[in-house]
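Every read-out reported here was derived from the displayed coordinates using simple, explicitly stated rules and does not represent laboratory data. Note that this is a predicted model, so its numbers are computed, not measured. Note that we place each Cβ from the backbone using ideal geometry, even for glycine, and neighbour counts take in every protein chain shown.
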Amino acid sequence: MKLICIGRNYTEHIEELQNEKPTDPVVFLKPDTAILLKKQPFFIPDFSNDVHYEVEVLVKINRVGKYIDRKFTHKYYSEIGLGIDFTARDLQSQLKAKGLPWEKAKSFDGAAVIGKWISKDEVDNVNNIHFSLKKNDNIVQNGNTSHMLWKIDELIEYVSKYFTLKIGDIIFTGTPAGVGKVIANDKLNGFLEDKEMFSITVK
Ligand code: ZN
């Protein structure tokens, strides 16, 4: 399975990193080895001094598809989740400056947190879900899927032009503003509406 991640999908986050607003979604992949194993702490890798959390809504693909038309994208997922796209920001900045791929900064072991899943029928509208991240019990990120530049169905249509989507693939839909650094002993808790979706500690 693969993790398909979207960058720069919320205007305020684009502004906080002083990135250009894209004309197409920014897409990158994480391998399955990036998934943080259940109940394990997140270990800050020794090659970075500035690892950031990025809370993101996740979509789990439930059937195989390629070139999926926007009319049918809703049939390709039945569950929504929440996770973190951990990013070694210092390394990513160096790679960006040289125009190099981001994988070393984003796809290292443990860099993908995948929380619980809920049926999309449990939410009234996937394009209006509130989500948040608490660090040490303080809210640091607040988002709503209504603020995505590309909505979930548009993302499925877009990425399926490039990659065949397979059962179990997961789309990370981008992070809202408020990203920041983690240090040892931080505790991160993610919420979709008022439901806790994950709880992890940093080592
Ligand atoms: Zn991200």
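Tabulated results
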{"quantity": "Inter-probe distance in nm under a simple model that places probes 7 Å from Cα toward Cβ, at Gln94 and Glu12", "calculated": "3.2 nm"}
{"quantity": "Fewest-first ranking of Met148, Met197, Met1, using other Cβ atoms within 10 Å as the exposure measure", "calculated": "Met1, Met148, Met197"}
{"quantity": "Computed label-point distance, nm, for sites Glu193 and Phe72 using a 7 Å Cα→Cβ extension", "calculated": "3.0 nm"}
{"quantity": "Euclidean distance of C-alpha centroids, the stretch 92-120 and the stretch 137-151, integer Å", "calculated": "18 Å"}
{"quantity": "Phi-based couplings in Hz for the stretch 6-15 (Karplus 6.51, -1.76, 1.60; Gly and Pro marked x)", "calculated": "10, x, 6, 10, 10, 3, 5, 6, 4, 5"}
{"quantity": "Vicinal HN-Hα couplings computed from phi for the stretch 54-70 (Karplus, 6.51 cos²θ - 1.76 cosθ + 1.60; Hz; Gly/Pro x)", "calculated": "9, 7, 9, 6, 10, 10, 9, 6, 10, 7, 7, x, 9, 6, 6, 6, 3"}
{"quantity": "Phi to ³J(HN,Hα) by Karplus 6.51 cos²θ - 1.76 cosθ + 1.60 over the stretch 125-139, Hz, x for Gly, Pro", "calculated": "8, 5, 8, 8, 10, 8, 9, 7, 10, 9, 10, 6, 6, 10, 5"}
{"quantity": "FRET efficiency estimate (nearest 0.05) - Cβ-Cβ, Lys116 to Asp50, R0 35 angstrom", "calculated": "0.75"}
{"quantity": "Within the stretch 15-34: backbone nitrogen closer than 18 Å to the Phe163 label point (7 Å, Cα to C-beta)", "calculated": "24-34"}
{"quantity": "Gap separating the Cα centres of the stretch 5-63 and the stretch 175-203, nearest whole Å", "calculated": "13 Å"}
{"quantity": "Proximal lysines to Lys66, defined as alpha-carbon separation beneath 30 angstrom and excluding residues fewer than eight positions away on the same chain", "calculated": "Lys2, Lys21, Lys30, Lys75, Lys96, Lys104, Lys106, Lys116, Lys120, Lys151, Lys161, Lys166"}
{"quantity": "Cβ-placed point charges (K, R +1; D, E -1), dipole of the chain about Cα centre in debye, nearest 20", "calculated": "560 debye"}
{"quantity": "The chain: calculated mean residue ellipticity at 222 nm from DSSP helix runs of at least 4, using -39500 (n - 2.57)", "calculated": "-3500 deg cm²/dmol"}
{"quantity": "Inverse of mean 1/r across different Cα pairs in the chain, Kirkwood, Å", "calculated": "16.9 Å"}
{"quantity": "Neighbour-count ranking [beta-carbon atoms within 10 angstrom, fewest first] of Asp153, Asp69", "calculated": "Asp69, Asp153"}
{"quantity": "Ranked list, fewest to most other Cβ atoms within 10 Å of each Cβ, for Tyr10, Tyr53", "calculated": "Tyr10, Tyr53"}
